[in-house]
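A.B. asks: Have a look at this one.
The values are calculated or read from the model by the stated rules, or taken from the named source; none is laboratory data. It should be emphasised that the depicted structure is a prediction, and the values quoted were computed from it without experimental measurement. Cβ sites come from the backbone with ideal geometry, for glycine too, and all protein chains shown count toward neighbours. Ligands, DNA and RNA are excluded from the accessible area calculation, which covers all protein heavy atoms including side chains. Shrake-Rupley method; radii C 1.70, N 1.55, O 1.52, S 1.80 Å.
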Amino acid sequence: ETRSIMRNMARLLAACGGLVDVACAGTEPFVPVPTAVVVAPDTAVLTAVGATRRFTAAVLDQRGDTIRGAPLTWQTTDPAIATIDSTGLLTAITVGGVQVRAGATDAPSLGVGTADVTVIQLPATLVKVAGDQQTDTVSQTLPLPLTIQVEDADGYPIPGVVVGFVVTQGGGGTTATTDTTGASGQASVSWTLGDVAGLN
């Protein structure tokens, strides 16, 4: 048994080039070194004010593998357009473009991983505000204009939207066939009733 152990020791020394180290050169434990930060997704479009989007980030080592548990810091380049919390949850504040940045807390010299975000508002709902329940005599212009509000999916008003108006019953007409929503997201036209009594 002693001879067997000695033979194995001899083989180990030969493999290590004659060095009497505990481990052979090249077999030391791998030590990951942070080399890059990657954010996903790298682009996103939010279609409503108040909409949210989750981002994730990974700190990569020199092999391109993820260093698990690496602490991160999050920020956006313009918090007036969108904010992001410590978990990577972004919230749209207003329309515009912004960049998300994630950095490795323990390795600030790495720089940051980035993602580009665009916040827009898509019309989702038309809300009647005023003017749809009135009574007057024939051929008269109603005292209250017809007013509607254009909202996105989260209920925020959208300015700059062209809204069309058309009379579908009772004759008469409106002062304009379209109006563009203002800062409040509202558009309105005056309505003149038809010349026959009844529902308009």
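A.B. asks: If I stretch the segment between Ala80 and Asp42 completely, what's the gain in nm (0.36 nm per residue apart, minus their alpha carbon distance), one decimal?
C.D. replies: Here the answer is 11.6 nm.
A.B. asks: Turning to a different aspect of this structure: If I compute mean projected area of the Cα convex hull in nm² from the structure I just sent, which labelled value in (i) 16.1; (ii) 12.0; (iii) 19.4 lines up?
C.D. replies: (iii)
A.B. asks: Next question. Based on Cβ point charges of +1 for Lys and Arg and -1 for Asp and Glu, what charge dipole magnitude is obtained for the chain about its Cα centre, in debye rounded to the nearest 20?
C.D. replies: 880
A.B. asks: A further question on this structure: Find the accessible area per residue for the chain; the probe is 1.4 Å, ligands and nucleic acids are left out, and the unit is Å².
C.D. replies: In whole numbers, the chain has 61 Å² accessible per residue.
A.B. asks: I've got another one for you. Once phi is turned into ³J(HN,Hα) by the Karplus curve 6.51 cos²θ - 1.76 cosθ + 1.60 with θ = phi - 60°, what whole-Hz value does each residue of segment 77-93 show in order, with x for glycine and proline?
C.D. replies: 3J(HN,Hα) across segment 77-93, in whole Hz: 6, 8, x, 6, 8, 7, 10, 9, 8, 6, 9, x, 8, 9, 10, 6, 9.
A.B. asks: Per the 1.4 Å probe, what fraction of the accessible area of the chain, in percent, lies on carbon and sulfur atoms?
C.D. replies: For the chain, the apolar C and S fraction of the accessible surface comes to 55 percent.
A.B. asks: For segment 150-197 and segment 104-125, what is the centre-to-centre distance using only Cα atoms, to the nearest Å?
C.D. replies: Computed from Cα coordinates, the inter-centre distance equals 37 Å.
A.B. asks: Please report the relative contact order for segment 76-200, taking Cα pairs under 8 Å with a sequence separation of at least 6, and give it as a percent rounded to a whole number.
C.D. replies: 19
A.B. asks: By how many degrees, between 0 and 90 and to the nearest 10, does the Cα long axis of helix 2-15 differ from the longest principal axis of the chain?
C.D. replies: Long axis of 2-15 versus the principal axis of the chain: about 60 degrees.
A.B. asks: Starting from 0.36 nm per residue, how many nanometres of slack lie between Thr27 and Val127 once their C-alpha separation is accounted for?
C.D. replies: Extra length from Thr27 to Val127 when fully extended: 29.0 nm.
A.B. asks: Further, regarding this structure: Give me the net charge of Val161's neighbourhood, meaning all other residues with Cβ under 12 Å from the Cβ of Val161; Lys, Arg count +1, Asp, Glu -1.
C.D. replies: Around Val161, the charge tally is -3.
A.B. asks: How far apart, in nm, are two points set 7 Å out from the Cα along the Cα-to-Cβ line at Asp61 and at Ser139?
C.D. replies: Inter-label distance under the simple model: 8.9 nm.
A.B. asks: May I pose another question? With each pseudo-label sitting 7 Å past Cα toward Cβ, what's the Ala183-Thr168 distance in nm, one decimal?
C.D. replies: 3.4
A.B. asks: Still on this structure: Just name one of Ile158, Val95, Thr66: the one whose Cα is farthest towards the positive end of the charge dipole of the chain (beta-carbon charges, Lys/Arg +1, Asp/Glu -1).
C.D. replies: Of the options given, the answer is Thr66.
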